Amino acid sequence: MSKKLNQVDVIASDEGFSFRNAEENDLDFIYKLILSGSKNGHFSEAFLTPEGSKGLRVNLRSILTKKQRLDARKPAYGVIYHNEGTPVGFLINSSIYESKGTEIWMMAVSEEFQNAGHGSTLLDEILRNFADYRGVMMARCHPASEVMFKMFIKRGFTHKDTGEEGTRILVR
């Protein structure tokens, strides 16, 4: 699949960077990135409460070990983007609409690797794997996730709706 670039695209060097399925030993890395993102408005603030953070950890463990989201009772899996084995970012994909669609449920890149094209590389890899997919693809972006929102728009997603708290729903 050829990739059409425009001048604002930043492509991360692929030297030493790769992808793998997320495993249980990635739990702390993913969990910490989500909590950090929640503090900055990129994920639900509910994850910052004791109950919310505990529920998040249990849900992530289920996704990583059983490929099942507990909060939605849907199949889900994680992908780790890494540099020679050291995690740099993650993405969690989940079934939606009675398994007739898929949602890019969560995605984040470690702060030290942001603004260098790694988020684009991670998203492009997932979308490449869904190139022949005919179901609905969905993503949600909190108001603080403007960069992520623009990445989705640039890749053919359409802003379908905005929730009460400003979370934007995108589909492709």
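Could you give me the residue pairs with C-beta distances under 8 Å whose first residue belongs to region 108-126 and is at negative phi, whose second residue is assigned to a loop (DSSP other than H, G, I, E, B) and loosely packed, with under 15 Cβ neighbours inside 10 Å wherever it lies, and which are 6+ apart or on separate chains? Filtered contacts from region 108-126: Ala116/Val10; Ser120/Asp9; Ser120/Val10; Ser120/Ile11; Thr121/Ile11; Thr121/Asp14; Asp124/Lys3.
Within region 30-47, residues that are within 24 Å of Lys150 (Cβ to Cβ) reach partners that are acidic (Asp, Glu) with beta carbons closer than 9 Å, at six or more positions or on different chains, in the pairs Leu33/Glu111; Ser36/Glu111; Ser38/Glu45; Lys39/Glu45. Quick check on Glu165: is it part of a loop (DSSP other than H, G, I, E, B) and out of contact with any helix residue (DSSP H, G or I) (no Cβ under 8 Å at 6 or more places or on another chain)? Here the answer is yes, as Glu165 does meet what is asked. Scanning region 145-172 for residues that are over 19 Å from Arg134 (Cα atoms) and surrounded by 19 or more Cβ atoms within 10 Å (Cβ to Cβ) turns up Ser145, Met148, Phe149, Met151, Arg168. Of all positions in region 73-82, at least one carries a residue that is over 11 Å from the mean Cα position of the chain (by Cα), farther than 14 Å from Glu125 by Cα, part of a loop (DSSP other than H, G, I, E, B) and not small (Gly, Ala, Ser). Condition test on Thr49, is it modelled with pLDDT of 95 or more and more than 19 Å from Met137 (Cβ to Cβ)? Yes: the conditions hold for Thr49. Of everything listed in (1) at pLDDT below 95; (2) within 12 Å of the chain's Cα centre (by Cα); (3) of a type in the set (Phe, Trp, Tyr), the single unmet condition for Tyr97 is (2).
Here Asp71 meets the list (1) modelled with pLDDT under 95; (2) in contact with a Leu (Cβ under 6 Å, 6 or more places away or on another chain) almost entirely, failing just condition (2).
Taking the conditions (1) within 24 Å of Arg168 (Cβ to Cβ); (2) at pLDDT 95 or above in turn, Leu27 satisfies each one other than (1).
I'd like to know if region 129-137 contains one or more residues that are among the hydroxyl-bearing types (Ser, Thr, Tyr) and either part of a strand (DSSP E or B) or crowded, with 18+ Cβ neighbours inside 10 Å (or both). Within region 129-137, not a single residue is among the hydroxyl-bearing types (Ser, Thr, Tyr) and either part of a strand (DSSP E or B) or crowded, with 18+ Cβ neighbours inside 10 Å (or both). Taken over region 45-72, the criterion of being more than 15 Å from the chain's Cα centre (by Cα) and in a strand (DSSP E or B) is satisfied by Gln68 alone.
Residue count for region 80-107, restricted to those that are surrounded by 12 or more Cβ atoms within 10 Å (Cβ to Cβ) and on the phi > 0 side of the Ramachandran plot: 1. Filter region 145-164 for residues that are of a type in the set (D, E, K, R) and more than 24 Å from Gln114 (Cβ to Cβ); which is modelled with the lowest pLDDT? For region 145-164, the residue satisfying everything is Glu164.
The values are calculated or read from the model by the stated rules, or taken from the named source; none is laboratory data. Remember, predicted model here, so these are calculated numbers, not experimental data. Heads up, the Cβs are rebuilt from the backbone with ideal geometry, glycines too, and the neighbour counts pull from every protein chain shown.
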